[in-house]
Amino acid sequence: MTTTEIAVGGLLRLATAGSVDDGKSTLVGRLLHDTSAVMPDQLEAVRRVSRDKGLAQADLALLTDGLRAEREQGITIDVAYRYFATAKRRFVLADTPGHVQYTRNMVTGASTAQLAVILVDARLGFVEQTGRHTVVSALLRVPHVALAVNKMDLVDHDEARFAEIAEEFTEYARRLGVPDVVAIPISALCGDNVVEPSPNMSWYAGPTLLEHLETVDTDGVPEATRFPVQYVVRAADFRGYAGQLSSGMLRVGDEVAVLPAGHHTRITGIELGGAPVQEAFAPQSAVVRLADAVDVARGDMIAPVATQPIPADRLLLVGCQLASRPIRVGDRVLLRHTTRTVRAVVEGIDERLDVHSLRTDNALDTLYTNEIALVSVRTAEPVAVDPYEANRHCGAVLLIDEASGDTLTAGMVGVPTWWP
Amino acid sequence: MTERGFGVRATTRARHILSHLDALEAESVHILREVAAEFDRPALLFSGGKDSTVMLHLARKAFLPAPIPFPLLHVDTGHNFPETLEFRDRTVERFGVRLLVADVQSYIDAGLLQERADRTRNPLQTLPLLRAIEANRFDAVLGGGRRDEEKARAKERVFSLRDEFGQWDPRRQRPELWRLYNGRHRPGEHLRVFPLSNWTELDVWGYIRAEDIELPSIYFTHRREVFLRGGMWLAPGSWGGPGDGEPVQERMVRYRTVGDMSCTGAVDSPAASVDEVIAEIAASRVTERGSSRADDRMSEAAMEDRKREGYF
Ligand SMILES: Nc1nc2c(ncn2[C@@H]2O[C@H](COP(=O)(O)OP(=O)(O)O)[C@@H](O)[C@H]2O)c(=O)[nH]1
């Protein structure tokens with residue numbers, strides 16, 4: 001039964017980005033098709049639609065086509081999730097549209113990604129959109145970025161052309177502090193170097209895109225332990241705190257602080273799914289018991305005494321505006337950080353980032369949809385944040401409209417070192 | 001439910017990397033706890049099918065040693081497989097949870113819904129569901145939907161906002177970043193929450209095997225009288241089939257989904273155990289919905305339309 005023993009290497013979350021017509025739908029369709037995530041009945045439907053459209057061969061891009069409004073417009077306008085698996089790993093792919101105004105979609109897809117695949121058309125090379133996608137990956141701290149130089153068949157599989165694009169991209173990504181950058185020459189249409197090595201590019205000795213996805217090291221840099229309390233579990237003679245470890249690990253006996261109050265206590269028990277264990281590690285969902293009858297509730301953060309975050313009520317964020325309405329200085333909002341929601345007021349919006357020139361200008365106290373700028377907020381109660389550079393979950397916040405409940409802004413605590 | 005504890009499947013535990021099933025489980029448990037913590041009146045949709053049974057199992061593990069802190073809701077089409085109803089009632093008793101039933105038949109009897117010409121009742125579930133949500137003032141309804149089931153679901157959020165008419169508006173759906181699920185809503189609105197969003201059919205079966213989860217017997221091979229309609233093997237029953245010119249025959253079949261008898265087709269299969277089902281699915285060449293749901297064959301946009309109306 002070897003075919004069913006899939007994914008021994010765990011789960012990899014990735015995001016794809018590319019400009020319109022770079023071949024992203026074709027690439028994703030090919031990954032799904034060549035890993036057998038597509039069934040013949042789906043393929044038959046794709047063939048039928050392709051024939052109706054007068055196409056000579058099945059358009060794999062149709063496999064990833066989504067809602068009706070988008071089908072009618074012929075462009076993808078929202079993040080779609082795809083699933084495939086190989087013998088080595090299970091993949092969750094956030095397929096994010098590359099349309100100019102949809103920075104927010106890529107921000108969404110990249111927020112959970114361990115790897116980003118950025119597409120370029122080999123004929124066009126590194127274009128403005130490529131810069132935007134790289135900046136977003138860097139901002140969201142996606143640890144691995146792979147550049148897929150597509151349509152190599154249209155540039156005669158030319159090594160020099162590939163090297164030129166790869167070099168420009170690698171230099172740009174390194175400047176933005178992306179820790180791992182790889183470039184791969186592919187043809188999504190023909191399948192070269194996507195799953196199978198290309199017979200047309202013998203000069204390329206690196207992995208195919210799928211091999212890279214299967215083998216990339218997901219261990220990451222160790223982060224300080226953070227356990228945001230989600231829910232208090234109460235039963236007869238039992239009081240425990242349920243949560244999902246954001247980072248690090250907890251052991252029975254650990255001296256911990258409960259923030260923002262700052263009480264110190266000790267872990268007396270850890271349970272996973274009702275069974276007692278000695279330790280738990282991220283991203284496990286656990287229940288933790290504490291030595292003292294301290295007052296602990298949803299929204300509190302449990303962290304080791306030695307490496308605890310310092311609660312703050314003034315935060316400087318890199319904000320990306322997700323909602324169709326802007327935020328302005330003076331706006332009162334809700335700020336969501338891990339499991340904690342507090343009231344907050346926007347005190348400043350400045351240094352709007354131009355993702356193409358990597359320069360900033362005056363944001364005039366307003367952040368419009370898809371814009372990125374520095375946002376300072378003051379919260380009604382302190383929150384135990386980390387810098388986003390140090391912790392992707394505990395350095396992340398959302399600004400929410402209290403009346404409508406709409407998610408307005410994604411915020412990353414602190415300013416990246418490369419910020420202009 | 002023989003096993004307790006998470007993380008028992010990790011082959012690389014020493015390196016602190018979770019197996020994919022453990023990672024999915026941790027994510028789903030997180031979502032279930034978010035719902036319990038953020039909402040006043042949540043409910044879990046339970047049909048007795050494999051997805052909702054896995055969801056119930058996860059809910060149990062999420063809150064141990066405390067009981068599951070919300071009731072179950074079943075939308076009964078009146079055309080359920082008897083095996084499913086028996087399983088449903090036994091499961092409810094074993095878990096010690098409260099079950100609410102929204103009954104399509106009583107809506108038909110009261111003249112609020114009309115039987116369709118093809119006697120399919122799946123599309124009739126929407127009204128009883130919405131009425132039950134309204135009557136019980138549920139503000140979050142947990143469903144077992146997965147994004148891999150159908151193209152229109154690929155963009156569904158984990159927390160999916162429904163307006164006061166239960167309708168889903170693609171434009172009002174909120175971006176979901178990191179693990180920050182936004183459950184805020186106005187009075188009268190509610191959220192559908194899908195803890196299994198990132199699971200595939202194979203993951204669900206792999207988890208059923210790993211956790212030894214019991215399912216209704218019709219998921220495994222059995223001898224059954226069936227007749228052919230629209231390329232599917234349907235089971236005769238009080239729902240109305242077979243019609244004239246639809247001869248009945250006995251075959252060894254099983255079901256890949258359990259739904260309304262009028263539109264849930266059986267597949268020829270000798271698979272008698274979870275292992276055999278998994279081997280069959282891994283080698284299978286037809287999607288779950290393509291093989292067994294007549295209503296999804298109507299049009300490519302069928303699912304999307306029903307979702308807008310408030311179907312799960
Ligand atoms: N020659 C060639 N054409 C490609 C390749 N990949 C995609 N295309 C074509 O480029 C066009 C745009 O592709 P599509 O996948 O829809 O692009 P998207 O807008 O990025 O999703 C289509 O006509 C594809 O057939 C490739 O590797 N080589």
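The values are calculated or read from the model by the stated rules, or taken from the named source; none is laboratory data. All figures in this text were calculated on a predicted structure; none of them were measured in a lab. A quick note on method: Cβ atoms are made from the backbone with ideal geometry, for glycine too, and the neighbour counts reach across all protein chains shown.
Out of A:VAL135, A:VAL145, A:VAL182, which single residue is in the same structural domain as A:THR35 (by TED's automatic domain parsing) and surrounded by fewer than 22 Cβ atoms within 10 Å (Cβ to Cβ)? Spell out the reasoning first.
Working: A:VAL135 fails: surrounded by fewer than 22 Cβ atoms within 10 Å (Cβ to Cβ); A:VAL145 fails: surrounded by fewer than 22 Cβ atoms within 10 Å (Cβ to Cβ).
Exactly one residue qualifies, and that residue is A:VAL182.
Take A:VAL178 and decide whether it is within 14 Å of chain B (Cβ to nearest Cβ) and away from the ligand (no atom under 15 Å from the Cβ).
Values: within 14 Å of chain B (Cβ to nearest Cβ): no; away from the ligand (no atom under 15 Å from the Cβ): yes.
Answer is no for this residue.
Got a sec? Which of A:LEU358, A:LEU353, A:LEU364, A:LEU374 is away from chain B (no Cβ under 14 Å), without any contact (Cβ under 8 Å) to a residue 24 or more places away in the chain and either of a type in the set (A, V, I, L, M) or touching a Phe, Trp or Tyr at 6+ places or on another chain (Cβ under 7 Å) (or both)? Can you show your working first?
Values: A:LEU358 fails: without any contact (Cβ under 8 Å) to a residue 24 or more places away in the chain; A:LEU353 fails: without any contact (Cβ under 8 Å) to a residue 24 or more places away in the chain; A:LEU374 fails: without any contact (Cβ under 8 Å) to a residue 24 or more places away in the chain.
From the options A:LEU358, A:LEU353, A:LEU364, A:LEU374, the qualifying one is A:LEU364.
Got at least one residue in region A:406-419 being closer than 25 Å to B:ARG179 by Cβ, among the aliphatic types (A, V, I, L, M) and surrounded by fewer than 19 Cβ atoms within 10 Å (Cβ to Cβ)?
For region A:406-419, residues closer than 25 Å to B:ARG179 by Cβ, among the aliphatic types (A, V, I, L, M) and surrounded by fewer than 19 Cβ atoms within 10 Å (Cβ to Cβ): present.
Of the residues in region A:106-132, how many are within 14 Å of chain B (Cβ to nearest Cβ) and surrounded by 24 or more Cβ atoms within 10 Å (Cβ to Cβ)? Steps first, answer last, please.
To start, the set of residues in region A:106-132 that are within 14 Å of chain B (Cβ to nearest Cβ) comprises A:106-114.
The next check asks that each one be surrounded by 24 or more Cβ atoms within 10 Å (Cβ to Cβ); those that pass are A:106-111, A:113.
Total meeting the criteria: 7.
Which of the strands (runs of 3 or more DSSP E) contained wholly in region B:172-271 include at least 1 residues that are surrounded by fewer than 16 Cβ atoms within 10 Å (Cβ to Cβ)?
On the way: elements: B:190-193, B:222-229, B:232-234, B:248-255, B:266-268.
Correct list: B:222-229, B:248-255, B:266-268.
Test each condition in (1) surrounded by fewer than 21 Cβ atoms within 10 Å (Cβ to Cβ); (2) within 14 Å of another protein chain (Cβ to nearest Cβ); (3) touching a residue at least 40 places away in the same chain (Cβ under 8 Å) for A:ASP313 and report the one that comes out false.
Here A:ASP313 meets the rest and fails (2).
Is at least one residue of region A:218-238 more than 14 Å from chain B (Cβ to nearest Cβ) and either more than 16 Å from the ligand (Cβ to nearest atom) or in contact with a Gly (Cβ under 8 Å, 6 or more places away or on another chain) (or both)?
If we filter region A:218-238 for residues that are more than 14 Å from chain B (Cβ to nearest Cβ), which is where we start, we get A:224.
Remaining after also requiring either more than 16 Å from the ligand (Cβ to nearest atom) or in contact with a Gly (Cβ under 8 Å, 6 or more places away or on another chain) (or both): A:224.
Within region A:218-238, one or more residues are more than 14 Å from chain B (Cβ to nearest Cβ) and either more than 16 Å from the ligand (Cβ to nearest atom) or in contact with a Gly (Cβ under 8 Å, 6 or more places away or on another chain) (or both).
Any residue at all in region A:263-282 that's in contact with a Ser or Thr (Cβ under 7 Å, 6 or more places away or on another chain) and in the same structural domain as A:VAL232 (by TED's automatic domain parsing)?
yes
Considering each residue of region A:197-217, count those that are surrounded by 13 or more Cβ atoms within 10 Å (Cβ to Cβ) and within 16 Å of the ligand (Cβ to nearest atom), and give that number.
Of the residues in region A:197-217, 8 are surrounded by 13 or more Cβ atoms within 10 Å (Cβ to Cβ) and within 16 Å of the ligand (Cβ to nearest atom).
Six or more apart or on different chains, Cβ atoms under 8 Å: show the pairs whose first residue is in region B:59-86 and over 20 Å from B:PHE194 (Cα atoms) and without any contact (Cβ under 8 Å) to a residue 24 or more places away in the chain and whose second is of a type in the set (Lys, Arg) and in a strand (DSSP E or B).
Close Cβ pairs satisfying both conditions: B:ALA66/A:ARG234.
Of everything in region B:155-171 that's assigned to a loop (DSSP other than H, G, I, E, B) and closer than 24 Å to B:GLY48 by Cα, which residue is farthest from the other protein chains (Cβ to nearest Cβ)?
Within region B:155-171, the subset assigned to a loop (DSSP other than H, G, I, E, B) is B:155-158, B:163-167, B:169.
Still in the list and also closer than 24 Å to B:GLY48 by Cα: B:156-158, B:166.
Values: B:GLU156: 9, B:ARG157: 9, B:VAL158: 10, B:GLY166: 17 Å.
Taking the candidates together, the pick is B:GLY166.
Return the residues of region A:18-37 that are small (Gly, Ala, Ser) and within 9 Å of the ligand (Cβ to nearest atom); say none if nothing qualifies.
Step one: filter region A:18-37 for residues small (Gly, Ala, Ser), giving A:18-19, A:23, A:25, A:29, A:36-37.
Result: A:GLY18, A:SER19, A:GLY23, A:SER25, A:GLY29.
Kindly provide the set of residues from region A:134-157 that are more than 10 Å from the chain's Cα centre (by Cα) and among the hydroxyl-bearing types (Ser, Thr, Tyr), ordered by number.
Answer for region A:134-157, where residues must be more than 10 Å from the chain's Cα centre (by Cα) and among the hydroxyl-bearing types (Ser, Thr, Tyr): just A:THR134.
Among the residues of region A:251-276, count how many are within 12 Å of another protein chain (Cβ to nearest Cβ) and touching a residue at least 24 places away in the same chain (Cβ under 8 Å).
Of all residues in region A:251-276, those within 12 Å of another protein chain (Cβ to nearest Cβ) come to A:269-276.
Next, only the ones that are touching a residue at least 24 places away in the same chain (Cβ under 8 Å) stay: A:269, A:271.
Residues flagged as within 12 Å of another protein chain (Cβ to nearest Cβ) and touching a residue at least 24 places away in the same chain (Cβ under 8 Å) within region A:251-276 amount to 2.
Among the residues of region A:289-347 satisfying the criterion of being in a loop (DSSP other than H, G, I, E, B) and charged (D, E, K, R), which is nearest to A:GLY253 (Cα to Cα)?
Initial filter on region A:289-347 (in a loop (DSSP other than H, G, I, E, B)): A:291-300, A:308-311, A:322-326, A:329-331, A:338-339.
Restricting the remaining residues to those that are charged (D, E, K, R) gives A:292, A:295, A:298, A:300, A:325, A:331.
Working: A:ASP292: 13, A:ASP295: 19, A:ARG298: 22, A:ASP300: 19, A:ARG325: 48, A:ASP331: 44 Å.
Of everything passing the filter in region A:289-347, A:ASP292 is nearest to A:GLY253 (Cα to Cα).
Restricting to region B:228-271, give me the number of residues that are closer than 18 Å to B:ASP76 by Cα and aliphatic (A, V, I, L, M).
Qualifying residue count for the region: 3.
Could you tell me which numbered condition B:ARG147 fails, if it satisfies all but one of (1) away from chain A (no Cβ under 14 Å); (2) free of Cβ contacts under 8 Å to residues at least 60 places away in the same chain?
Among (1) away from chain A (no Cβ under 14 Å); (2) free of Cβ contacts under 8 Å to residues at least 60 places away in the same chain, B:ARG147 violates only (1).
Results for (1) of a type outside the set (A, V, I, L, M, F, W, C); (2) at positive phi, shown as yes or no for each residue.
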{"residue": "B:ALA132", "(1), (2)": "no, no"}
{"residue": "B:GLY144", "(1), (2)": "yes, no"}
{"residue": "B:GLY166", "(1), (2)": "yes, yes"}
{"residue": "B:SER197", "(1), (2)": "yes, no"}
{"residue": "B:GLY206", "(1), (2)": "yes, no"}
{"residue": "B:ILE213", "(1), (2)": "no, no"}
{"residue": "B:PHE220", "(1), (2)": "no, no"}
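Applying the selection to region A:109-120, what residues are within 16 Å of the ligand (Cβ to nearest atom) and in contact with a helix residue (DSSP H, G or I) (Cβ under 8 Å, 6 or more places away or on another chain)? Step through it out loud before you land on a result.
Step one: of region A:109-120, the residues within 16 Å of the ligand (Cβ to nearest atom) are A:109, A:116-120.
A:ALA116, A:VAL117, A:ILE118, A:LEU119, A:VAL120, listed by residue number.
Considering only region A:128-151, I want to know if a residue exists there that is within 14 Å of the ligand (Cβ to nearest atom), in a loop (DSSP other than H, G, I, E, B) and more than 24 Å from A:GLN321 (Cα to Cα). Quick ask: steps written out before the conclusion?
The initial filter retains those residues of region A:128-151 that are within 14 Å of the ligand (Cβ to nearest atom), namely A:129-130, A:133, A:148-151.
From what is left, the residues that are in a loop (DSSP other than H, G, I, E, B) are A:151.
From the residues that got through so far, the ones that are more than 24 Å from A:GLN321 (Cα to Cα) too are A:151.
Looking for residues that are within 14 Å of the ligand (Cβ to nearest atom), in a loop (DSSP other than H, G, I, E, B) and more than 24 Å from A:GLN321 (Cα to Cα), one finds at least one in region A:128-151, hence yes.
Kindly indicate whether A:LEU154 is part of a helix (DSSP H, G or I), more than 28 Å from A:TRP419 (Cβ to Cβ) and in the same structural domain as A:GLY206 (by TED's automatic domain parsing).
yes
Being at pLDDT below 95 and either at the interface with another protein chain (Cβ under 9 Å from one of its Cβ atoms) or part of a loop (DSSP other than H, G, I, E, B) (or both) is the filter here, so list the residues in region A:207-217 that pass it.
Of everything in region A:207-217, those that are at pLDDT below 95 and either at the interface with another protein chain (Cβ under 9 Å from one of its Cβ atoms) or part of a loop (DSSP other than H, G, I, E, B) (or both) turn out to be A:VAL216, A:ASP217.
In region A:152-175, what residues are surrounded by 17 or more Cβ atoms within 10 Å (Cβ to Cβ) and within 16 Å of the ligand (Cβ to nearest atom)?
Matches in region A:152-175: A:MET152, A:ASP153, A:VAL155, A:HIS157, A:ARG161, A:PHE162, A:ILE165.
Given region B:17-133, what helices (runs of 4 or more DSSP H) lie entirely inside it while holding 2 or more residues that are more than 14 Å from chain A (Cβ to nearest Cβ)?
Details: elements: B:20-38, B:50-63, B:82-95, B:104-109.
It comes to B:50-63, B:82-95, B:104-109.
Looking at region A:403-420 only, could you name the residues that are over 19 Å from the mean Cα position of the chain (by Cα) and within 26 Å of A:GLN244 (Cα to Cα)?
Matches in region A:403-420: A:GLY405, A:ASP406.
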